[in-house]
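The values are calculated or read from the model by the stated rules, or taken from the named source; none is laboratory data. Only a predicted model underlies this, so the values are computations on that prediction, with no experimental measurement involved. Backbone-built Cβ (ideal geometry, glycine too); neighbour counts: all protein chains shown.
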Amino acid sequence: MSEQRAREPDAVHTPNPTAGSSPDSAAGADNAGPQVPETVGVYGGGRMGAGIAHAFASAGARVIIIENTEETVAAAKERIDASVEKSKSKGLDVTGTVEVVRDPTLLDQALLVIEAVPENVELKQTILAAIAKYAPAASIATNTSALSIDELAAALPRPHALIGLHFFNPVPVSDLVEVVVGTHTQPELVGVAKSWVAGLGKTAITVKDSPGFASSRLGVALALEAMRMVEEEVASPEDIDKAMTLGYRHPAGPLQTTDIVGLDVRLGIAEHLETELGPRFAPPQLLKDKVASGQLGRKSGQGFYTW
Ligand SMILES: NC(=O)c1ccc[n+]([C@@H]2O[C@H](COP(=O)([O-])OP(=O)(O)OC[C@H]3O[C@@H](n4cnc5c(N)ncnc54)[C@H](O)[C@@H]3O)[C@@H](O)[C@H]2O)c1
């Protein structure tokens, strides 16, 4: 797809200035390998935003988190402190810094701003427009799990500056980032974003803007088939999961994973994928029944397993 796309006129930022590039810093000592921007903005310091901030700070960046109230600023600070303490207790160094503020004008110092506010199109479009206003030259990333990059980009004066960076929870220890490429995303930004992901010590996969990206689409497809097998009494949930954990070396089976993610969350994704991609993603009746009866998985104590 990227070869087909027309190039946008203005240049994207290259990953300079980069964190760790001072002569006496460890990362700058050999000045080699991928790095991350020196200053990164994160809009929304919740579960994912705090994790993303932690990951960039671990790579040496200065991170500015924007939150909207004094209470949420305090909560985000607590989240960051707890996350950084956990790293330190494992002997891992966090060489960068994280500030949590309410003033979005500080974003003009960032080369990259990542939005991580709740999954709502109107809210995200409002926040993205604010980012474009306060950081007019920055590259912008969205951490959306499922929304269309093209739809979000419609809120921006420079739609080519937007890319999806889909991080996984918990961010500091998860290896994967989906780099989601919209119709208008500038091709150069894709390469730059992948180098930033490498600078975090993570692996990027490149995915065209499409429903469920790669991870949700494949993960949910496997889980829905596993649920249909339970419905058809092909095998017990335990044995279906063992087919994947022992037979295919998956770290967890599709039903156990569904319990951990939340049956309601997976039902919502399946319904979205059914609308976008067709009946192969139609949620099985068993899933709908379990959600209707409050069996949401680990968080409710009961799903395909008892927790
Ligand atoms: N939780 C996950 O496992 C996961 C995984 C991958 C992607 N995501 C995506 O990441 C995004 C954030 O999810 P989350 O789980 O971190 O949500 P969350 O609710 O934990 O965090 C959202 C944060 O945004 C802040 N916020 C809301 N409105 C704001 C505003 N107007 N200005 C500034 N801050 C504002 C909230 O105060 C909160 O701290 C969503 O798009 C979600 O789909 C989540």
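Summary of values
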quantity	calculated
Some residue of the range 274-286 being among the basic types (Lys, Arg), surrounded by 15 or more Cβ atoms within 10 Å (Cβ to Cβ) and closer than 23 Å to Ala146 by Cβ	no
Residues that are within 12 Å of the ligand (Cβ to nearest atom) and either under 22 Å from Thr72 (Cα atoms) or in a helix (DSSP H, G or I) (or both), drawn from the range 150-166	Leu152
Selected residue [on the phi < 0 side of the Ramachandran plot, within 7 Å of the ligand (Cβ to nearest atom) and touching a residue at least 12 places away in the same chain (Cβ under 8 Å)] from Ala135, Ala141, Ala116	Ala116
Failed criterion for Leu147 (all others in (1) over 15 Å from the mean Cα position of the chain (by Cα); (2) closer than 30 Å to Lys288 by Cβ; (3) assigned by the TED database to the domain that holds Gly44 hold)	(1)
Test result for His250, under 22 Å from the mean Cα position of the chain (by Cα), outside any helix (DSSP H, G or I) and under 23 Å from Ser215 (Cβ atoms)	yes
